[in-house]
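Take a look at the structure below.
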Amino acid sequence: MNARVEVVRRPSLARARTRRAVAVALASLLASAAFGEGLAPDGAGASDPSRSEPLAAPPEVEGRDPGRSPAAAVPAPIAQVVHSDPEEIVGSGLPEAPPVDGYRDDLERSWFGGGASMTSRATAARVRKLELGAQAVLGPAHALLAEQGGGELGQAMLAAKLAPDLPLAHVALARAHWAEGDRGEAARAFADALLAIPRNLEAALWLASSALWIAVIAFALGALGFVALASASALPRAAHDLGDLFSKHVPAFGRAALLGALLLVPVALGEGVLGLALALFAVGVAYGTSSHRISLAVAATLLVLALFPVAEMAGRVVSMFAADPVADAAYSVAQGIETDDDVALLADAAAGDPLAAHALAVRARRTGHLDEAYRRYRALVEQKPRDPVALTNLANLQFQRGAIDEAIALYTRATAVHDSAVLWFDLSQAYARSFRMEEFETALRRAQELDADVVAELSGQKDPSLIADLPLDEVALAARMFEHARGDAFAAWLRRPLAPAWLGADGRHAALAFAGAFLLALIVGTRFDHAGACRRCGVRICARCDGTVWNNQTCENCHRLFNHPETTEGGLRAARLAALRRREARVERLAQAVALVLPGAGGLLARRPDLAFVAVMLFAWAATAWAWREGALPDPLVVGAAGPAVFLATAVASGLAYVVLVFAALAIRRSQ
């Protein structure tokens, strides 16, 4: 089969994952051998030095030479460090296993030894993956996807089977089904890709970081836009009232200049766009109705939340891998792409960190050092007696050494805290070995209820000694990374264009400033008569300038024209009414155009600021999600088209909801 394997590299979520290119080199090797070709072109599998960044330095430990690299701090070979207590491991009774250089080599051996067909190789690799407690067989899966972009249906199906938690594999399968004309299967495969995102740590972090990035931008821009829009109609009245503080004879341009200078004071103090928004917010509260004030308060709250806690959470998610080098190294072990530096770091931290000890136990099991794995899992179970992964994997080692009763006891303890098809299958194997057939059938039935496909694959091997490890808990791993991550620097960088000074330095500053502006504007706004505008003819109304007025929404002339027609000559009244009707028609056409063009304007024109606020936020989300539909960060070659589909779907849904609100606002205005 002629094949061209294109080697790709997976960018890092935390700028510390470039060593994952090793997995791609394996993908190239597997594909070239499986498809009957030579190796990829020279340099195809090498890392790009221009894109490499150093891994975060591990914490210093006592007795370690700071002048040496982590790899140099541990004598070679690494096994000499992790086999530091021979008295504890001699006599475990475990069979000798041929050591391998790593999980990648073990899977490679299973792949190439699985037979001549791609299906048999995939089955062998997948079963070995289950035995070793791995989430996916990424090397062969990527190799299959690299072949003609994963467009061939058979290869795409194998890739999805090898890596069921890899969204990219399901996307390739959906494309293959689509190319075959099977639209229903394509839709189901794409749905599987979406469902696989939360099961894949890197895909979930990519989606979460991009979604939080979009939320910060959309909420901040939407809230700022609404504050500006809601305050715009009050600016002419505020300028008139401000001029009256100096003299009733201040011309209109002078009043506008006075108001502009006052609004720009926070900007002059260095507070930037957020300072200007604060000033506009105060004007809107002072001149708005109660519904305006409530909507402005909600907008200000959302603005502060977006720029501070949400932005900091986004920064924490972005920096999770780099925040905890031990967890990062443990994840590398779980994926089978660890380096000597990772192993050295874990060996340094294992004495005081159960996660590091657990990762080393996983690695020892996968590399054939069963005595070491047995010792480490025993210590882990003593430290964490309710850890289902440690209990199951130690039970597997007990099973291998022939201690079936001890294995059953450990499996039973694990089932009390965890429900897994693999765990129940292992327990059924132990029951079968001890000829407890009733318990065997019960355990196997429970395993089939949880995941019949996995059980069928394991049972299909017809190997009474076959058992499978549980993988490291990626949820707990992610929780630990998130706990150690800090997003302050990222959030400050994100806020700097909008709030470069005091307001942006701390969320409490911004919250206090907006709360103070709200209260001050509310108090000041009730201490004087506001200028208004006649709703019928649009003329300015001011009690200070005009003397007696009926209210700030109806001028004297319109009041007499509509409420006391007997005081107006008939011909003049008819001409005035015709002029007002022509003006109303022009205003209505302009209002419709503005409502269709300017987000939120329709709600304000209908005197429904709540609708205006929701419309602005929907428009902001739709525009931002569309602009960043490919994600705020590069795809680490795990998501494929599934991630952009999520953002496109939310953008389209928000856009449709925005259009509905615009026409609803226009209908409300017409009814008024």
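How do MET437, MET320 stack up against each other in accessible area, from largest to smallest, with a 1.4 angstrom probe? Intermediate results must be reported in sequence, preceding the final value.
Working: MET437 90, MET320 5 Å².
The residues order as MET437, MET320, largest area first.
In debye to the nearest 20, how big a dipole does region 578-672 give about its Cα centre with +1 on each Lys and Arg Cβ and -1 on each Asp and Glu Cβ?
The calculated dipole for region 578-672 is roughly 800 debye.
Figure the gain on full extension for ALA505 and THR412 (residue separation times 0.36 nm, minus the Cα-Cα span) and round it to one decimal in nm.
Numbers: separation 93, 0.36 × 93 = 33.48 nm, distance 5.36 nm.
Full extension from ALA505 to THR412 adds 28.1 nm.
Return the distance in nm (one decimal) between the two label points of a simple spin-label model at GLU185 and GLU441, each offset 7 Å from Cα along Cα→Cβ.
In this crude spin-label approximation the distance works out to 3.7 nm.
With all distinct Cα pairs included, what does the Kirkwood hydrodynamic radius of region 346-405 come out to in Å, to one decimal, could you say?
Averaging 1/r across every pair of different Cα atoms and inverting gives 11.4 Å.
State, to one decimal in nm, how far the label point of SER465 lies from the label point of ILE668, with both points 7 Å from Cα in the Cβ direction.
7.5 nm
Residue-wise, which Karplus ³J(HN,Hα) couplings in Hz belong to region 388-402, taking 6.51 cos²θ - 1.76 cosθ + 1.60, θ = phi - 60°, and x for glycine or proline?
Going residue by residue, I get x, 5, 5, 4, 5, 5, 5, 4, 4, 5, 4, 4, 5, 8, x Hz, with x marking Gly and Pro.
Apply the Kirkwood formula to region 375-532: the hydrodynamic radius equals the inverse of the mean of 1/r over all pairs of different alpha-carbon atoms; give it in Å with one decimal. Could the numbers behind the result be given before it?
Working: mean 1/r = 0.0493 Å⁻¹.
After inverting the mean inverse Cα-Cα distance, the result is 20.3 Å.
Sort 429-436, 569-576 for me by packing, meaning the mean count of neighbouring Cβ atoms within 10 Å per residue, highest on top. Don't skip to the answer; put the middle values down first.
Numbers: 429-436: 18.5, 569-576: 11.4.
Put in order of decreasing packing, that is 429-436, 569-576.
Once amide H atoms are placed 1.01 Å from N in the peptide plane, what residues at a sequence separation of 5 or more from ALA533, or on another chain, have their amide H within under 5 Å of its amide H?
ILE541
Using 0.36 nm times the number of residues separating SER247 and ALA627, minus their current alpha carbon distance, what extension gain do you get? Please list the in-between numbers first.
Working: separation 380, 0.36 × 380 = 136.80 nm, distance 4.93 nm.
In short, 131.9 nm is gained.
Classify region 562-665: rounded, prolate or oblate, from the alpha-carbon gyration tensor (a ≥ b ≥ c, eigenvalue square roots; a/c under 1.5 rounded; otherwise prolate if a/b is larger than b/c)?
Numbers: a/c = 5.99, a/b = 4.58, b/c = 1.31.
Cα axes put region 562-665 in the prolate bin.
Around THR442, under 13 Å between beta carbons, what's the net of Lys plus Arg minus Asp minus Glu among the other residues? Mind dumping the intermediate values first?
Values: positive: ARG436, ARG445, ARG446; negative: GLU438, GLU439, GLU441, GLU449.
Taking every other residue near THR442 into account, the sum is -1.
What are the ³J(HN,Hα) values, in whole Hz, obtained from phi via the Karplus relation 6.51 cos²θ - 1.76 cosθ + 1.60 with θ = phi - 60°, for each residue of region 438-455 in sequence order, with x given for Gly and Pro?
Calculated HN-Hα couplings, in order: 5, 5, 4, 5, 5, 5, 5, 4, 5, 4, 5, 5, 7, 7, 5, 5, 4, 5 Hz.
Give, as ranges by residue number, the residues of region 510-534 whose backbone N falls under 14 Å from the point 7 Å along Cα→Cβ of ASN563.
Residues 534 qualify, since their backbone N sits under 14 Å from the label point.
What dipole magnitude, in Debye to the nearest 20, does region 496-610 give about its Cα centre under +1 on Lys/Arg Cβ and -1 on Asp/Glu Cβ?
On the way: 17 positive and 9 negative charges, 63 e Å.
That gives a dipole near 300 debye.
In nm², what is the average projected area of the convex hull enclosing the Cα atoms of region 444-523? Don't skip to the answer; put the middle values down first.
Details: hull surface 45.6 nm².
Mean projected area for region 444-523: 11.4 nm², to one decimal.
Using the Kirkwood formula over every pair of different C-alpha atoms, what hydrodynamic radius in Å results for region 250-360? Each step should come with its number before you reach the end.
Numbers: mean 1/r = 0.0534 Å⁻¹.
Result for region 250-360, one decimal place: 18.7 Å.
Rounded to two decimals, what is Rg over Rh for region 181-279 when you use alpha-carbon atoms and the Kirkwood radius?
Values: Rg = 24.9 Å, Rh = 17.9 Å.
In region 181-279, Rg relative to Rh is 1.39.
By how many nm would the segment from VAL539 to ILE294 grow when fully extended, if each residue of separation counts as 0.36 nm and the alpha-carbon distance is taken off?
Values: separation 245, 0.36 × 245 = 88.20 nm, distance 2.78 nm.
The VAL539-ILE294 span can extend by a further 85.4 nm.
With a Cα-only, solvent-free Debye model of region 295-343, what are the log10 I(q)/I(0) values at q = 0.24 Å⁻¹?
-0.83
What is the distance, in nm, between label points placed 7 Å from the Cα along the Cα-to-Cβ direction at ASP340 and at ASP451?
Distance between the two pseudo-spin positions: 3.5 nm.
Please report the relative contact order for region 235-331, taking Cα pairs under 8 Å with a sequence separation of at least 6, and give it as a percent rounded to a whole number.
15 percent
Per-residue HN-Hα couplings for region 595-600, Karplus 6.51 cos²θ - 1.76 cosθ + 1.60 at θ = phi - 60°, whole Hz, x for Gly and Pro?
Per residue, the Karplus-derived 3J(HN,Hα) values read 5, 7, 9, 9, x, x Hz.
The values are calculated or read from the model by the stated rules, or taken from the named source; none is laboratory data. Please read all numbers here as calculations on a predicted model, not as lab measurements. Positions of Cβ are backbone-derived with ideal geometry, glycine not excepted, and every protein chain shown enters the neighbour counts. These area figures cover heavy atoms from the full protein model, side chains too; ligands, DNA and RNA do not enter into them. Shrake-Rupley method; radii C 1.70, N 1.55, O 1.52, S 1.80 Å.
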